[in-house]
Amino acid sequence: MRHAVLAGSRHLTYLEAGEPDGRALVLLHGFPLTADMWREQLAAPPHGWRVLAPDFAGFGGCDDHGGESVSLDDYAGDVLTWLGRLGVQQIVLAGLSMGGYVALALARLAPERLDALVLADTKAPADSDEARAGRDRMLDTLGEHGTDGVAAEMLPKLLGATTRSNRPQLVAEVRSLILPNPPDGVRRGILRLRGRPDATAVLPRIGVPTLVLVGEEDEVTPPKDARALATAIPQATLETLPGAGHLSNLEAPSRFNAALHRFLATV
Ligand code: MLT
């Protein structure tokens with residue numbers, strides 16, 4: 001069931017599992033998905049933990065900001081507002097891809113709130129000129145074909161070659177997670193990704209244990225990006241998940257959960 005808190009007139013929506021009095025593990029989703037992409041993690045909450053997965057503004061039922069603010073920090077600010085409404089102070093923060101970009105924004109904006117960090121299939125640098133040109137093309141696709149067009153463009157990149165050839169059902173399921181997102185939320189998401197700042201300077205200042213996870217077949221943020229994160233963050237360990245692409249938490253859920261739970265037991 002989706003829960004919601006109010007921030008002014010906006011509904012901030014989220015999914016929750018595990019123990020209400022447990023330590024908080026917050027899971028931040030990738031683009032153009034919703035908190036539902038964490039279903040395999042929400043279905044197996046680690047003992048002693050409260051697992052919370054918010055939707056970002058414009059995705060999964062979460063109202064977007066009014067006006068034309070399209071900063072990635074809008075998402076980070078919403079996470080802090082939402083945690084405030086829930087009365088949660090300290091968290092272990094995990095983000096996949098765009099969720100990882102937001103996790104790095106939170107490591108810059110509110111480092112005192114983080115007990116530990118999990119960065120999955122993500123990277124620190126801003127978009128290159130080439131990547132920005134790709135975002136512009138995606139905005140055209142969105143204008144012409146709506147969220148469906150973006151799903152068609154993204155799916156081959158989101159899922160690894162092994163999943164695409166062996167698990168057509170998962171490909172269809174990921175598509176069904178993308179399609180309900182309204183085009184305007186997706187549009188603003190693209191603009192936020194396109195304009196996000198370089199987070200490289202944040203990495204050496206991260207003072208908490210950090211687990212870096214990556215699917216071996218990730219083509220969006222390949223293992224070399226994960227190695228760069230793990231090298232620059234002082235207390236980082238790196239785990240590579242075989243047979244998984246960019247959505248490693250959905251493609252290799254058992255291995256992903258095992259790595260996550262092992263890490264949580266140490267922090
Ligand atoms: C994501 O999975 O969140 C996106 O692929 C990230 C990106 O496009 O930079």
Report task. Order these peptides, 57-69, 114-126, by their mean beta-carbon neighbour count within 10 angstrom, highest first. Result -> 114-126, 57-69
Report task. Work out the charge dipole of segment 46-171 with +1 on the Cβ of Lys and Arg and -1 on the Cβ of Asp and Glu about the Cα centre, then indicate which of G99, M138, H47 is farthest towards its positive end. Result -> H47
Requested in this report: Let me know the charge dipole size of the chain about its Cα centre in debye, to the nearest 20, where only the beta-carbon of Lys, Arg (+1) and Asp, Glu (-1) is charged.
Outcome: 420
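What number comes out for accessible area per residue over segment 3-264 if the probe is 1.4 Å? Units Å², please. The partial results should precede the final answer.
Details: 10040 Å² over 262 residues.
Heavy-atom accessible area per residue stands at 38 Å².
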Query - Simple label model, 7 Å out from Cα along Cβ direction - L80 to D21, nm - result: 3.1
Query raised in the report: With helices defined as uninterrupted DSSP H runs, which ones in the chain have an alpha carbon span along their own long axis of at least 18 Å and mean Kyte-Doolittle hydropathy of at least -1.0?
Result: 72-86, 129-158
Report task. Take every Cα pair under 8 Å in segment 1-97 that's 6+ residues apart, average their separations, divide by the length, and report that relative contact order as a whole percent. Result -> 35
Query raised in the report: Can you give the extra length, in nm with one decimal, that the chain gains between D148 and A131 once fully stretched, where that is 0.36 nm per residue apart less the Cα-Cα distance?
Result: 4.1 nm
Report summary line: Per GNM of the chain with C-alpha springs under 10 angstrom, the most fluctuating residue out of G215, G87, G149 is G87
Query raised in the report: For the pair R175 and R108, what calculated FRET efficiency results from E = 1/(1 + (r/R0)^6), where r is the Cβ-Cβ distance and R0 = 41 Å, to the nearest 0.05?
Result: 0.80
Query raised in the report: For the residue pair S165 and A44, what label-to-label distance in nm results when each label sits 7 Å from Cα along the Cα-to-beta-carbon direction?
Result: 2.5
Report summary line: Spelling it out for L241: with amide H atoms placed in the peptide plane at 1.01 Å from N, the residues 5 or more places away or on another chain with amide H under 5 Å from its amide H are V214, G215, E216
Query raised in the report: What is the distance in Å between the Cα centres of segment 37-103 and segment 145-159?
Result: 22
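The values are calculated or read from the model by the stated rules, or taken from the named source; none is laboratory data. Keep in mind it's a predicted model, so treat the numbers as computed, not measured. Here Cβ is always computed from backbone atoms with ideal geometry, including for glycine, and neighbour counts include all displayed protein chains. The accessibility values were calculated without ligands, DNA or RNA, using every heavy atom of the protein model including side chains. Shrake-Rupley method; radii C 1.70, N 1.55, O 1.52, S 1.80 Å.
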